[in-house]
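I have placed the structure first, in the form of structure tokens, so that the comments after it can refer back to it.
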Amino acid sequence: MRWTTAIAFVLLLAFVPDALAAAPSSARSHFRWKDAAGIPHYTDMLTPEALQFGYDILNAKGVVVKHVERQRTPEELFAEEAAAQAAAAAKREADQQAITDRRMLAAYPSEKDLVSARQAQIDSIDQNIRTATNSLSVQEKNLSDMLARAASVEHSGQQVPDSVKKQIESLRKTAETLRTYVARRQQERVESTKTFDADLDHYREVRARGAASSKP
């Protein structure tokens, strides 16, 4: 009896590997992938082609339990990283613009407030230009008088004093500085006038968005 049982056990062990090998493939997990033509392929092990095209993981019943995207090339990874950085930069810019817009609305509750503030800015520039222009006229007159004085001294055959030469040089530098300042402020006025229309349009757009978002 014991000998018969032992023989049966040994025979069972001998047939176990063959039984496992003969087990249907559906009892194991599989990988499915499609080639460039869209034709599906099934494998028991991951292949370079599956990694290249992406693959599905199937359970014992052939149901997809997970999809794995294909491996990205270095160029694709670089492009994706660049796109992600660009998107992040755009978001930061949009967030900063939103903060700026909120501050603008807080500073100028109405369009009239904005127009008045910008007009005050233009008026201030105009006043600075007038003041500097008047000073320039005075300096140019003084320079003209000093040049005439120096010419008179030279005409009389005398040497122009160093003090007069220094005054002439000082007046020239002052006049040049004032001319540069006036030109810069005039350009600033032109740019402020050009950008005002765009700023006003942006203000109206922001106000309109706020009004639309507050509607029920």
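Yes/no per residue for (1) open to solvent by 50 Å² or more (accessible area, probe 1.4 Å); (2) within 18 Å of F196 (Cβ to Cβ); (3) at pLDDT 90 or above:
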position: V63; (1), (2), (3): yes, no, yes
position: Q71; (1), (2), (3): yes, no, no
position: Q85; (1), (2), (3): yes, no, yes
position: E93; (1), (2), (3): yes, no, yes
position: V115; (1), (2), (3): yes, yes, yes
position: A120; (1), (2), (3): yes, yes, yes
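Looking only at residues of the range 145-201 that are over 49 Å from the mean Cα position of the chain (by Cα) and of a type in the set (S, T, Y), we find that the one that is nearest to D123 (Cα to Cα) is S163.
One residue is enough: does the range 185-192 have a residue meeting the conditions of a type outside the set (S, T, Y), more than 30 Å from A94 (Cα to Cα), outside any helix (DSSP H, G or I) and open to solvent by less than 80 Å² (accessible area, probe 1.4 Å)? Taking every residue of the range 185-192 in turn, none turns out to be of a type outside the set (S, T, Y), more than 30 Å from A94 (Cα to Cα), outside any helix (DSSP H, G or I) and open to solvent by less than 80 Å² (accessible area, probe 1.4 Å). All of (1) open to solvent by 40 Å² or more (accessible area, probe 1.4 Å); (2) among the small types (G, A, S); (3) closer than 30 Å to R204 by Cα hold for A148 with one exception: (3). The set of residues in the range 102-113 that are surrounded by 12 or more Cβ atoms within 10 Å (Cβ to Cβ), without any contact (Cβ under 8 Å) to a residue 24 or more places away in the chain and over 27 Å from Q186 (Cβ atoms) contains only R102. With respect to (1) surrounded by 15 or more Cβ atoms within 10 Å (Cβ to Cβ); (2) within 30 Å of V160 (Cα to Cα), the lone exception for S137 is condition (1).
Taking every residue in the range 153-172 that is of a type in the set (K, R) and pairing it with any residue that is surrounded by 14 or more Cβ atoms within 10 Å (Cβ to Cβ), at least 6 positions away or on another chain, the pairs with Cβ-Cβ distances below 7 Å are R172/L143. Please verify whether A208 is within 28 Å of the chain's Cα centre (by Cα), assigned to a helix (DSSP H, G or I) and exposed (fewer than 14 other Cβ atoms within 10 Å of the Cβ), treating the condition exactly as stated. Criteria met by A208. Reported count of residues in the range 160-179, each being in contact with a helix residue (DSSP H, G or I) (Cβ under 8 Å, 6 or more places away or on another chain), more than 13 Å from R149 (Cα to Cα) and open to solvent by less than 90 Å² (accessible area, probe 1.4 Å), is 4. The condition of being in a helix (DSSP H, G or I) and touching a residue at least 24 places away in the same chain (Cβ under 8 Å) holds for only one of Q139, Q127, that being Q139.
The values are calculated or read from the model by the stated rules, or taken from the named source; none is laboratory data. Values in this document were obtained by computation on a predicted structure and should not be read as measured data. We place every Cβ from the backbone using ideal geometry, glycine too, and count neighbours over all the protein chains shown. Quick note on the areas: whole protein, heavy atoms, side chains included, nothing else; ligands and nucleic acids left out. Shrake-Rupley method; radii C 1.70, N 1.55, O 1.52, S 1.80 Å.
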